[in-house]
Amino acid sequence: MRKFGPIVFMLCCLSVSAWAQEVADVVKAYARGKTIVVEYDLKADADFVRLFVSLDGGNTYRGPLQQVSGDVANVGAGFGHVVVWDVLKEFESDEFESDAVRFKLGIKLKERWPRETFVTVNAAYSFLPQASFGFSVGQVKRFGWFVSVMTNGNFSGFDADGDCDRDGFIEGNFMPYYTGETSKMRLSAMAGGLMKVSDYLCLRLGLGYGNSTLLWHTEDGRWLRNTAYSAAGLDLSAGVQLHLNGFVVSAEAVTTQFQTVEAKIGIGYAF
């Protein structure tokens with residue numbers, strides 16, 4: 001290569017889509033055989049690094065250059081990174097005035113909070129006692145959302161024939177005869193928000209509609225809602241969610257109208 005002189009200089013990186021101009025520094029550039037080697041230091045992890053060249057002292061730049069190899073993708077923060085430019089495959093001439101050659105880098109930083117879509121299967125248990133099952137789907141970066149549906153498959157609570165108190169008394173302080181048979185309904189449909197507090201941990205808060213009903217069966221064929229163990233209306237949940245190498249685990253407490261409380265867990269995956 002006839003006119004590859006020592007191209008050595010200090011130059012601050014101009015970032016294309018990163019924060020500030022101090023993400024990377026071009027330390028030096030020099031000819032090696034029929035290539036040019038550009039050495040640089042990087043202060044933050046990058047998804048990719050793009051190389052640009054100026055032949056007029058930095059007035060105009062060409063690029064991003066295509067015939068490059070080395071540390072150009074998934075580059076970790078650190079010193080002594082190199083980009084090797086096979087100049088003859090990209091330019092027809094190798095006649096450079098070394099004093100006029102400048103390089104700069106375009107950096108795409110790795111996102112601290114990559115977007116994750118997740119699906120979990122859930123199970124919940126209250127001290128009624130009562131169990132329910134369902135699923136959640138959602139998406140999160142720094143902040144996110146989810147929707148969740150839970151049920152035990154019993155919807156008898158919508159068809160109650162009346163109410164009784166904790167001990168079984170109905171209006172007028174009268175107690176009917178009971179068969180001892182019970183029916184339990186649990187339904188929850190909610191949406192909520194997520195906030196990542198670390199690379200792996202999210203806080204989780206949701207609200208929606210819930211129905212947790214205990215029915216007692218009377219000898220005359222009626223199903224009475226026991227109001228001491230039943231609630232319908234606002235469902236609230238609060239808990240945490242872990243993201244570990246593609247797996248998702250959630251744990252939260254759910255209350256309906258602040259009258260019933262259940263523990264809920266979920267297991268799934270993120271992609």
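Taken together, the values in this text are just the output of simple stated rules run on the coordinates, not laboratory data. This structure is a prediction, so every number in the text was calculated from the model and none was measured. Here the Cβ positions follow ideal geometry from the backbone for every residue, glycine too, while neighbour counts run over all protein chains shown.
Quick notes on this structure:
- Along the axis of the charge dipole computed for the chain (Cβ charges of +1 for Lys and Arg, -1 for Asp and Glu, origin at the Cα centre), the listed residues 51, 192, 114 are led at the positive end by 51.
- DSSP loop GluC sites (Glu not before Pro) with at most 11 other Cβ within 10 Å: longest gap in the chain: 1-91
- Paramagnetic reach from residue 220 (point 7 Å along Cα→Cβ, amide N under 17 Å) across segment 179-214: 179-180
- The slack in the chain from residue 242 to residue 197, taken as 0.36 nm per residue of separation less the alpha-carbon distance, amounts to 15.1 nm.
- Low-density loop cleavage sites - trypsin sites (Lys or Arg not before Pro) in segment 164-271, where at most 15 other Cβ are within 10 Å (DSSP): 166
- Exceedance of the 27 Å cut-off in Cα-Cα distance is limited, within the set 89/110; 108/141; 43/141; 104/141, to 89/110; 104/141.
- Basic side chains Lys and Arg get +1 at the Cβ, acidic Asp and Glu get -1 at the Cβ, and with that the dipole of the chain about its Cα centre reaches some 900 debye.
- Under a model in which nothing but the beta-carbon of Lys, Arg (+1) and Asp, Glu (-1) is charged, segment 152-270 shows a dipole of about 600 debye around its Cα centre.
- Taking segment 48-71 and a reference point 7 angstrom along Cα→Cβ of residue 28, the backbone N atoms nearer than 19 Å belong to 71.
- Loop-resident chymotrypsin sites (Phe, Trp or Tyr not before Pro) (DSSP state other than H, G, I, E or B) in segment 167-245 with no more than 11 further Cβ atoms inside 10 Å of their Cβ: 177, 200.
- Sorting the Cα pairs of segment 148-271 by distance into bins of 5 Å, from 0 upward, gives 2, 11, 18, 17, 13, 11, 9, 7, 5, 4, 2, 1, 0 percent per bin.
- In the elastic network of the chain, a GNM with C-alpha springs shorter than 10 Å, the most mobile of 140, 248, 75 is 75.
- Normalised by the number of residues in segment 154-271, the average gap of Cα pairs under 8 Å and 6 or more apart makes the relative contact order 23 percent.
- In plain terms, the C-alpha convex hull of the chain casts an average shadow of 18.9 nm² when viewed from every direction.
- From the alpha carbon centroid of segment 193-236 to that of segment 141-181 is 10 Å.
- Placing R0 at 51 angstrom, the Cβ-Cβ distance between residue 100 and residue 271 gives a FRET efficiency of 0.55 after rounding to 0.05.
- Based on Cα contacts under 8 Å between residues 6+ apart, the chain shows a relative contact order of 14 percent.
- Modelled FRET efficiency - R0 35 Å, residue 142 with residue 259, Cβ distances, 0.05 increments: 0.55
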